[in-house]
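What follows is one structure encoded as structure tokens, with my remarks underneath.
The values are calculated or read from the model by the stated rules, or taken from the named source; none is laboratory data. Source: prediction; values computed, not measured. Heads up, the Cβs are rebuilt from the backbone with ideal geometry, glycines too, and the neighbour counts pull from every protein chain shown. Only protein heavy atoms, including side chains, enter the accessible area calculation; ligands, DNA and RNA are left aside. Shrake-Rupley method; radii C 1.70, N 1.55, O 1.52, S 1.80 Å.
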Amino acid sequence: MSLTDGGAGATATTTALYCLALALAWRTSLTLLDSRTIRLHHPDLRVYRPGAGWTHPGRLRSRWALARLGLLLAVAMALAPVIVPAPWTQNTTLALCCACVAWLVRDGALDTARYTSVCMTLLASVLVLRLGLPLVGVAGTVPAGAAASLGAAQLYLVAGIRKLGSPHFMSGRVLADNIAYGAYQARAGSPDFFRVPSPQVMAGLLEGPWFLPLLRAAAIGAALVELTLGLGALGLLPGVVVVGLAVPTHLAFLAVSPRRIVPFTVASVGLLLIAVQAPVLR
């Protein structure tokens, strides 16, 4: 198998590699921007941020150094299929994916975005299988597809089942809380959220008779779509249907926090691209 070969398998592998590179580049860029903001506004390098906890000088320096290394790794992963000569493309990308797994394991000890870390690590690991097994004479499509299929199915099925089991989420109030939180965070100057709706408009929406029923329908739809994607990742739906459903679904999820959720979005799609090549139940 070579990244430069034709065929749907090679195309899916190359696209998944670019998804991983984009997820890693986006994530490390956000870390570097966060570190720069902290350095500008908190000279003592100590700050508390909701969702991220306390940042102290030692932690900040470690994350800064690791993020710079990760950004270089992401650039190398994106350029390797283009600039590395064909006989060495597979070996080079394999080495970079192995380095990405190691980077993610180290970053997981410093970062709080656990769900994103798991998804990116799964994608990097199945790419290692896909690229590495052919070098020892074993076809990598089926083992990598099975691993990606099981990993993606677990991510989506667990998320969907947890939503269905949460009365607060299924009522639509979790979505209302998230929208209100994002509106006020954006009003306070956070670039991680959209500036619409404004707090005044949000108050009017909450008083209206249709807003919560609409969010309730959206919550039910989100849970059902995640369950469908989980079953599709196992092989119970055609691959084109799974990917075609995943892309608009994850684009809709970006409304929660467009800057922060991009790494999870692209890593999830990349994982599904590998999964549908050889799902466990096909």
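Applying the criterion of at least 2 residues that are within 17 Å of the chain's Cα centre (by Cα) to the helices (runs of 4 or more DSSP H) found wholly in the stretch 160-265 leaves 211-231, 239-253.
Would the stretch 196-205 turn up any residue that is under 27 Å from residue 119 (Cβ atoms) and small (Gly, Ala, Ser)?
So the first thing to find is which residues in the stretch 196-205 are under 27 Å from residue 119 (Cβ atoms), and the list is none.
No.
Condition check ((1) modelled with pLDDT of 95 or more; (2) in the same structural domain as residue 230 (by TED's automatic domain parsing); (3) among the hydroxyl-bearing types (Ser, Thr, Tyr); (4) touching a Leu at 6+ places or on another chain (Cβ under 6 Å)) across all residues:
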position: 157; (1), (2), (3), (4): yes, yes, no, no
position: 161; (1), (2), (3), (4): yes, yes, no, no
position: 173; (1), (2), (3), (4): no, yes, no, no
position: 184; (1), (2), (3), (4): no, yes, yes, no
position: 190; (1), (2), (3), (4): no, yes, yes, no
position: 197; (1), (2), (3), (4): no, yes, no, no
position: 201; (1), (2), (3), (4): no, yes, no, no
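Scan the stretch 46-61 for residues that are surrounded by 15 or more Cβ atoms within 10 Å (Cβ to Cβ) and either modelled with pLDDT of 70 or more or assigned to a loop (DSSP other than H, G, I, E, B) (or both) and the total you get is 0.
Of all positions in the stretch 19-41, at least one carries a residue that is open to solvent by less than 30 Å² (accessible area, probe 1.4 Å), at pLDDT 75 or above and of a type in the set (Val, Ile, Thr).
Among the listed residues 75, 118, which satisfies the condition of being assigned to a helix (DSSP H, G or I), farther than 22 Å from residue 9 by Cβ, β-branched (Val, Ile, Thr) and not assigned by TED's automatic domain parsing to the domain that holds residue 22? Steps first, please.
Working: 75 fails: not assigned by TED's automatic domain parsing to the domain that holds residue 22.
Just a single option satisfies the conditions, and that option is 118.
Considering the stretch 159-183, and only residues there that are within 30 Å of residue 235 (Cα to Cα) and touching a residue at least 60 places away in the same chain (Cβ under 8 Å), the residue that is most open to solvent (accessible area, probe 1.4 Å) turns out to be 161.
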